[in-house]
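What follows is one structure encoded as structure tokens, with my remarks underneath.
The values are calculated or read from the model by the stated rules, or taken from the named source; none is laboratory data. Treat the numbers as computed from the prediction; the structure is a model and nothing was measured. Cβ atoms come from the backbone with ideal geometry, glycine included; neighbour counts cover every protein chain shown. Keep in mind that these areas ignore ligands, DNA and RNA; they rest on the heavy atoms of the full protein, side chains included. Shrake-Rupley method; radii C 1.70, N 1.55, O 1.52, S 1.80 Å.
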Amino acid sequence: QVQLVESGGGLVQPGGSLRLSCAASGSIFRIHAMGWYRQAPGKQRDLIAAITIGGSTNYADSVKGRFTISRDNAKNTVSLQMNSLKPEDTAVYYCNLAYRSPAPWGQGTLVTVSS
């Protein structure tokens, strides 16, 4: 069973940066791709960035060139560096397995981009 704990969210001005972190317990982390998802108010939760075991990455068009996903397999962590943030990036951000049925969702971390 994977348990996921996200952190690092907060209030940031447009154009600013934040780094999100996710700590995952459970050995399943080490054998699956991981992803960051986000859910804006009134919208569905979408996968925005994913990284394979080997480090290959994939991004949604909305964040490509601004966000960078990384993982540390030894520490069971996955991170999301977010630069050039826009108001439309405001959402609750979650990490989870990518490209397969998700593990139980963590509480997420709220990112608010506003002046």
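Observations
- Within segment 96-115, no residue that is under 21 Å from residue 2 (Cα atoms) and in contact (Cβ under 8 Å) with a residue 24 or more places away in the chain sits with its Cβ atom under 6 Å from a residue that is part of a loop (DSSP other than H, G, I, E, B) and open to solvent by 80 Å² or more (accessible area, probe 1.4 Å) at 6+ positions apart or across chains.
- Scanning segment 71-95 for residues that are within 14 Å of residue 6 (Cα to Cα) and either in a loop (DSSP other than H, G, I, E, B) or not basic (Lys, Arg) (or both) gives 76, 77, 78, 79, 80, 81, 91, 92, 93, 94, 95.
- Members of segment 56-69 found to be among the small types (Gly, Ala, Ser) and open to solvent by 40 Å² or more (accessible area, probe 1.4 Å), listed by number: 56, 62, 65
- Failed criterion for residue 11 (all others in (1) under 16 Å from the mean Cα position of the chain (by Cα); (2) part of a strand (DSSP E or B) hold): (1)
- Residue list for segment 98-107, restricted to those being hydrophobic (A, V, I, L, M, F, W, C) and either crowded, with 18+ Cβ neighbours inside 10 Å or at positive phi (or both): 98, 103
- Residue count for segment 1-17 under the criterion of being open to solvent by 50 Å² or more (accessible area, probe 1.4 Å) and modelled with pLDDT of 95 or more: the result is 7.
- Only residues that are of a type in the set (A, V, I, L, M), open to solvent by 20 Å² or more (accessible area, probe 1.4 Å) and closer than 20 Å to residue 113 by Cα were counted across segment 23-50, and they come to 2.
- Residue among 110, 20 that is touching a Gly at 6+ places or on another chain (Cβ under 6 Å), part of a strand (DSSP E or B) and open to solvent by 60 Å² or more (accessible area, probe 1.4 Å): 110
- Taking the criterion of being β-branched (Val, Ile, Thr) and open to solvent by less than 30 Å² (accessible area, probe 1.4 Å), the only residue of segment 78-94 that qualifies is 78.
- Among the conditions (1) touching a residue at least 60 places away in the same chain (Cβ under 8 Å); (2) in contact with a Gly (Cβ under 6 Å, 6 or more places away or on another chain), the only one that residue 50 does not satisfy is (1).
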